[in-house]
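Read the structure below first, then the notes.
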Amino acid sequence: MNTPFPLKGIAAKIGIFLLIALLSSCNALKRVGEDELLLTKNTILVDGEKVLDEDIKSLIVQEPNTRVLGYPLRLNLYNLAKKDPDSTFQAWLDKKPRREEKLANFLSQKQVDALGESFLVKGYSEWLKKIGEAPVVVDTSRARKTLQRLNSYYGSKGYFNNSTTFEIVEEKRKQRAALDFLVTLGKPYYIDSLSQDIASPAIDSLYHLNRENSFIKEKKQFDLSDFNQERQRLTELFRNSGVYNFQESSITYDILRDTTEVRDDQQMNVELNIENLRRRSDTAITTSEYRVFTFDKINIYADYEFGDEAEAMQSREFENYTIYYKDKLRYKPKALTDAIFFEKDSLYRDIDRLRTYRQVTNLNTFKYPNIQILEDSTQTKLISNIFLTARKKYSLGLNLDITHSNIQRLGIGFSSSLITRNVFGGAETLSLSARGTFGLLSDTNLPEDFFSEVGADINLSFPRIWFPLLNTKRIIPTFMLPKTNISAGTSFQKNIGLDKQTLNTILGYSWTPDSFRKNTIELLNILYVRNVNFDRFFNVYGSSYNQLNNIASADIYTSDPLLTDFYEPTSLPDDPRLTIPSGTTDFTEAILDGTISSSTDDFIEVSRIEERRDRLTENNLIFSSNYTFTKNNKIGINDNSFYQFRLNLESAGNLLSGLSYLFPFNQSDNGNLQVFGVSYSQYVKTEFDFIKHWDLSRSNVLAFRSFFGVAVPYGNSESVPFVRSYFAGGSNDNRAWFPYSLGPGSSSDINDFNEANLKLAFNLEYRFPILGNIKGALFADAGNIWNVWDNVDDPAKTFSGFDSLADIALGTGFGLRYDFTYFVFRVDTGFKTYNPAEVQSKRWFRDYNFSNAVIQIGINYPF
């Protein structure tokens, strides 16, 4: 959402001046004792080299006060609080004789006491202390704890003889000091030999078959992390090789050093110990050899509820699975067994258990499953019991939204959805939804000031790839969570633009090989867009009307008696205005067909306006197919060092173009092929989107995004449909410009909705904490849009090569964000730093001030 209101320059400058004055008046040493030193910096030096690794720096116990862009904001907020607000208030009461008595007579003694506990007296200081940060003074005991951590860390890396110390480095500024932690590593220890002592023959055999992948190798420097990784590797290996009950605690290591001879080669011997399985009972602990297990029986309990007994349920055998159910089996057996990755007579594998959890959850029909693994009576085989508890067959959702934008003064949106699960017995999900938005328009040239938009959608999803006559399981196995989606939707607008009516139908597939990769194919995406009130073009696109009307206002046209009917009667002769739509249409036709003489510049300008009108008012029929691949390496929600990549390929019109050779298609006046009276679009489109985040330490993050997209029309089209084109500006793009107001190229934002078919965008943002859930950001956004390989011939708008890169706009600014845990509310202020729409000599910093700043409001981070 974007709110177009500039900041008032004078008020903003006064506010900044007062803020600077307040902050500069704070004394950072106000709460630091005379014999104390304020900690300003920590440095770790290893053999004289400064350490930059954040993981190592995190071992420091005592950190200096946090800073916001170099300023100790929280420390100074803490110092603003009164040290003892109770005594300060009492001193104020005692300052004048009988002040407390008079105040008690006027209020009451109880209210005077309450005043002393109030926010203005005591609560304000407590609040400042809470959001602030007490001064961090040098504490030698905590520095020694840091030395212990550093000693242990480098010891874990093989430097057993390392030594540590610290120095207090006082600064020239009063009562300030830095801490230098000095580490001398010494010689590292290496692994000389490896041996094993494995109690269970089955484990011993598995180990030796897979020992080449070990993290622990001879002649390698000792590293404790290698031992931890090797313990994890072996546990995963055994539990994925039939040893279902293997315990990681069975693995230990003995690190030995030969003391029978004097050696100075820092060598050590490592022995791997894997004990037998330990079982604890109420009276004793027993041990037994680990064994490799296979499945003898797999039971699936459909519609299970806690307390159900298998004896009271009916059962059915299907492909070596036993399915238990009540009364009637409501699911197709294959839909259940395809979600289970355990197989009869196969080895137990932890990965199969995990995949079963994921696939059952992906069905959207059952709650999280409960998987039970038991040994049979012979204790040589396994029995798996999989309990599936059904989710509610029907789910109803209702939503209410209130919206506001630069074209909507106020909008109220309603939406509802009905979800039906297991529609055909194969865990299919049917979703029906309806939505409507109604409200008042902002400034408009339309005869009415209200708007409405209603729509409905239907979506049917299958938990498998549905493709006739093709077995896709070999290409896309079930563990990749395959899904087929068939959807259709429609929407109707009133008093929104040209009042579009849309119809959309999609047949798509998706699959996820792992948690980091996802593939999506829309085999068929049909979109039909019909503009109902295309005669409103010049009402809606006011800038295009002003361009045309400025041309028509020339004396050469207004003085022609044959053109008088083109203008509003009351506007002549002082302020000639073309009537809409008859006057604008007649004037354009008269210029283009030569009915009236015009200059070459006027002819070209009118021709470009008419091309834009034709393009934005024409109905669109898009038959497209697209493929999207996304990849990321984000481990969890708190991972701030990751990348994300998205590739999108799209092609439209080729299917219809091929059919045109088999069946006769109608043609439009300009020779384009038509389906149902509409010229279909034909183009190819590709997009690359790359995002990278770096964790700089202490919740400081540097985020980068790059985007490239191009859509090339050909064949049956000379331009890309508006709904498939690109725009620049907005809260998630270049924040120094409003949406659709930047570009194309070096052209001014003369159009109401500037768009083109080529886009470049680069964003860099530094994010940092301020106070609690309040975060800050500094950003730089660069990019633009251009026309390329289409019917636009304006040199200022077209991309002609590397020289056009000089038209890349640059916006910089700052932002505030509040983290509500489930979402982030943000306000960004952008400044036009380099504006390609200006003349060359005025492109840099011309509008770099608060009066021309742009406020962007958004939800969640832009990238």
Cβ-placed point charges (K, R +1; D, E -1), dipole of the chain about Cα centre in debye, nearest 20: 2820
Long-range HN-HN contacts of GLN682 with modeled amide H, under 5 Å: TYR714, ASN716, SER717
Cα centroid of region 694-740 to Cα centroid of region 614-629, whole Å: 18
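Could you tell me whether the chain comes out rounded, prolate or oblate from its Cα gyration tensor? Rule is a ≥ b ≥ c as square roots of the eigenvalues, rounded for a/c under 1.5, then prolate if a/b exceeds b/c, otherwise oblate. Show your work: numbers first, answer last.
Working: a/c = 1.98, a/b = 1.25, b/c = 1.58.
Verdict is oblate for the chain.
Given a 1.4 Å probe, how much area per residue of region 390-533 is accessible, in Å²?
Per residue, region 390-533 has 54 Å² of solvent-accessible surface.
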Modelled label reach - ALA488, point 7 Å along Cα→Cβ, region 526-557 residues with backbone N closer than 14 Å: 526-528
13 Å beta-carbon shell around ILE556, net charge (K/R +1, D/E -1): -4
Lys/Arg +1, Asp/Glu -1 at C-beta; the chain dipole; positive extreme among GLY155, SER346, THR437: GLY155
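Work through the residues other than LEU374 whose Cβ is under 11 Å from its Cβ and net out their charges, Lys, Arg +1 and Asp, Glu -1. The partial results should precede the final answer.
Working: positive: LYS297, LYS381; negative: ASP296, GLU375, ASP376.
Value of the local net charge: -1.
Keeping all protein chains in place, calculate the accessible area per residue for region 120-255 (probe 1.4 angstrom), answer in Å².
Details: 7170 Å² over 136 residues.
I get 53 Å² per residue for region 120-255.
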Average Cα contact separation per residue, the chain, under 8 Å, 6 or more apart, as relative contact order %: 7
Separation of the LYS41 and LYS145 label points, Cα + 7 Å toward Cβ, nm: 2.5
Within straight-line cross-link reach of LYS842, lysines at Cα separation under 28 Å, skipping those fewer than 8 residues along the same chain: LYS8, LYS13, LYS759, LYS797, LYS832
C-alpha center-to-center spacing [region 812-863, region 353-399] in angstrom: 49
Per residue accessible area in Å² of region 728-854, where ligands, DNA and RNA are left out and the probe is 1.4 Å: 42
Region 150-271: equivalent-ellipsoid semi-axes (sqrt of 5 x gyration tensor eigenvalues, Cα, Å): 40, 20, 10
Counting DSSP beta bridges with both ends in the chain, the antiparallel % (nearest 5): 90
Cα centroid separation - region 461-540 against region 644-660, whole Å: 13
Packing rank of 283-295, 732-744, 492-504, where each peptide gets the mean count of other beta carbons within 10 Å, highest leading: 732-744, 492-504, 283-295
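If I take R0 = 30 Å and measure r between the Cβ atoms of LEU562 and ARG846 in this structure, what FRET efficiency does the formula 1/(1 + (r/R0)^6) give, to the nearest 0.05? Please list the in-between numbers first.
Working: r = 44 Å, r/R0 = 1.48.
Between LEU562 and ARG846 the formula returns 0.10.
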J(HN,Hα) series, region 687-702, from Karplus relation 6.51 cos²θ - 1.76 cosθ + 1.60, nearest Hz, glycine and proline x: 9, 10, 10, 10, 10, 9, 10, 10, 8, 8, 3, 6, 6, 8, 10, 10
Radius 10 Å from Cβ of LYS775, net charge of other residues (Lys, Arg +1; Asp, Glu -1): +2
Unsatisfied cross-links (Cα-Cα over 18 Å) in the set LYS344/LYS381; LYS41/LYS172; LYS157/LYS219; LYS30/LYS174; LYS50/LYS220: LYS50/LYS220
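Could you look at region 164-230 and say what percent of its accessible area is carbon and sulfur, using a 1.4 Å probe and all protein chains?
Details: 1850 of 3730 Å².
On region 164-230, the fraction of accessible area on carbon and sulfur atoms equals 50 percent.
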Shape call, region 509-624: gyration tensor on alpha carbons, a/c limit 1.5: prolate
Where labels lie 7 Å past Cα in the beta-carbon direction, separation of ARG474 and THR283 in nm: 5.9
In nm, spacing of pseudo-spin labels at SER417 and ARG330 (7 Å Cα→C-beta vector): 2.1
Kirkwood-Stokes translational diffusion coefficient of region 780-846, alpha-carbon pairs, 37 °C, 0.692 mPa s, µm²/s: 230
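Using a simple charge model, +1 on the beta-carbon of Lys and Arg, -1 on the beta-carbon of Asp and Glu, nothing else, what dipole does region 312-462 show about its Cα centre, in debye to the nearest 20? Working shown, then result.
Numbers: 19 positive and 17 negative charges, 135 e Å.
That gives a dipole near 640 debye.
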Heavy-atom accessible surface of region 287-445: percent carbon and sulfur, 1.4 Å: 52
Mean residue ellipticity (222 nm) of the chain, computed from DSSP H runs ≥ 4 via -39,500 (n - 2.57), nearest 500: -6000 deg cm²/dmol
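The values are calculated or read from the model by the stated rules, or taken from the named source; none is laboratory data. Please read these numbers as outputs of a predicted model, since none were measured by experiment. So basically every Cβ, Gly included, is an ideal-geometry build from the backbone, and we count neighbours across all protein chains shown. Quick note on the areas: whole protein, heavy atoms, side chains included, nothing else; ligands and nucleic acids left out. Shrake-Rupley method; radii C 1.70, N 1.55, O 1.52, S 1.80 Å.
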